[in-house]
Amino acid sequence: MLRTAVRIITLVVLALFLLGSALAAVAYYLNQPPQEQGGSAVSFRIESGESLGRIAARLEKAGVIREDLLLRGISRLRGTQTAFQTGSYRLEPGQTTVRVHDYLTSGGQVLHKVTVPEGWTATDIAARLESRGITPADEFEKAIESRELLDAFSIEAESAEGFLYPDTYLFNQDYPAEKVARHMLSTFFGVLREIEPDIEEMDSQELFERVIVASIVEREYLTKEEAPKIASVFYNRLDGGYRLESCATVAYVMTEEQGLDHPEKLFYRDLERESPYNTYRNSGLPPGPISNPGKVALDAAFHPADTDYYYFVLEGPEADEHHFSKSLEEHNEAKVLYLKNP
């Protein structure tokens, strides 16, 4: 009897061992990549709210994994059913199912390059972010008006316009608008601290006014060397009680407020357009920035040249610099007004 029991136990153990070995062999096979190492990478996107089953099925169909059941089993064993992150991925060939699982649950999405040129407005930036699939334009525009976000950066304004630093950024697709705006603002103040190390001691209103000046300089200067002189003209005119008479502010009225195309040149009738941003009609600074300035314009606004200039005008239709003058008589010799395109 004892011998019979021992035989039965031995057979059961052997059967279990063989079954375990067979299952291990099957799992090993299914875990191996269906593609060779030298194959082509696969672009794969996980949509918001997509289920584990659908993700696994699509991966199998795309030839990334051998068997969707294995991926689902791995995920359930590790408790990562809801850890697959929305976004776009580049899946290199030759990866095991385990490695694919780990990659898709680690947040290794493909980063998309977004370039924000100097002098763009928030409207321009929002449109580009949406076109790149980063975040909807309306959500970005709402985010930069968030009082919580503005207070976090001590911005005494109704919008972050002027503080969205122009640069080349890398973002995940479907990235939260608030995080996009926060990153751009952090970059802005990082650059500003390089320009003006004592920025923390500056009054928030003075800071805002400097950014407004920088936003106008950004849309006016043509060469790096003349930016500080243009800034000096605006400060001299403010100190002397003159209107700024910046063509860039008129262009802002036409494009941002009136929905017109950016003008190649301005006519005298354009200078009469009604708006608090039109510095030909109103004294002092406009209510807010007219663009998002880069480092050159910011540096010029915080460190203007020491000049006696009160006027500047483009030297000619094809010129790449402005003529600066101290008197209205000299300034009136210029006949045509041109703008720097953004």
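The loop-placed GluC sites (Glu not before Pro) in the range 144-210, going by DSSP, that have at most 14 neighbouring Cβ atoms within 10 Å of their Cβ come out as E156, E158. Using a Förster radius of 56 Å, what is the FRET efficiency between R99 and K326 based on their Cβ-Cβ separation? Nearest 0.05, please. Efficiency, from the Cβ-Cβ distance: 0.20.
Cross-link pairs exceeding 32 Å in C-alpha to C-alpha distance, out of K142/K229; K179/K295; K113/K142, comprise K142/K229. Computed over neighbours whose Cβ is under 13 Å from that of L238, the net charge equals -1, Lys and Arg +1, Asp and Glu -1. On a per residue basis, the chain carries 53 Å² of accessible surface, using protein heavy atoms and a 1.4 Å probe.
When Lys and Arg each count +1 and Asp and Glu each count -1, what net charge do the other residues less than 14 Å away from R281, Cβ to Cβ, add up to?
-2
Model label points for T115 and R243, set 7 angstrom from Cα along the Cα-to-Cβ axis, are 3.8 nm apart.
Considering only protein heavy atoms and a 1.4 Å probe, what is the carbon-and-sulfur percentage of the accessible area of the chain?
In the chain, the share of accessible area belonging to carbon and sulfur is 50 percent.
For K179 and E130, FRET efficiency with R0 = 25 Å and r from the beta-carbon atoms, rounded to 0.05?
About 0.95, to the nearest 0.05.
With the simple model of a label 7 Å out from the Cα in the direction of the Cβ, H262 to V42 spans 4.3 nm.
Filter the GluC sites (Glu not before Pro) in the range 42-83 to those in DSSP coil with at most 15 other Cβ atoms within 10 Å of their Cβ, and list the result.
E47, E50
Computed from backbone phi, the HN-Hα couplings of the range 142-153 come to 5, 5, 6, 9, 5, 4, 4, 5, 5, 5, 4, 10 Hz, rounded to whole numbers (Karplus: 6.51 cos²θ - 1.76 cosθ + 1.60, θ = phi - 60°; Gly and Pro given as x). Which one is right for this structure if Rg/Rh (Cα atoms, Kirkwood Rh) is calculated from it: [x] 1.26; [y] 1.16; [z] 1.03? Evaluating Rg/Rh (Cα atoms, Kirkwood Rh) on these atoms matches [x]. Determine the shape class of the range 288-328: with a ≥ b ≥ c the square roots of the Cα gyration tensor eigenvalues, call it rounded for a/c under 1.5, and otherwise prolate if a/b is greater than b/c, oblate otherwise. Oblate. I need the calculated FRET efficiency for the pair E206 and R78, taking r as the beta carbon distance and R₀ as 56 Å, to the nearest 0.05. E(calc), rounded to 0.05, equals 0.55.
The values are calculated or read from the model by the stated rules, or taken from the named source; none is laboratory data. Just so it is clear, the model here is predicted, and its values are computed rather than measured. Positions of Cβ are backbone-derived with ideal geometry, glycine not excepted, and every protein chain shown enters the neighbour counts. The area values use the complete protein model at the heavy-atom level, side chains included, leaving out ligands, DNA and RNA. Shrake-Rupley method; radii C 1.70, N 1.55, O 1.52, S 1.80 Å.
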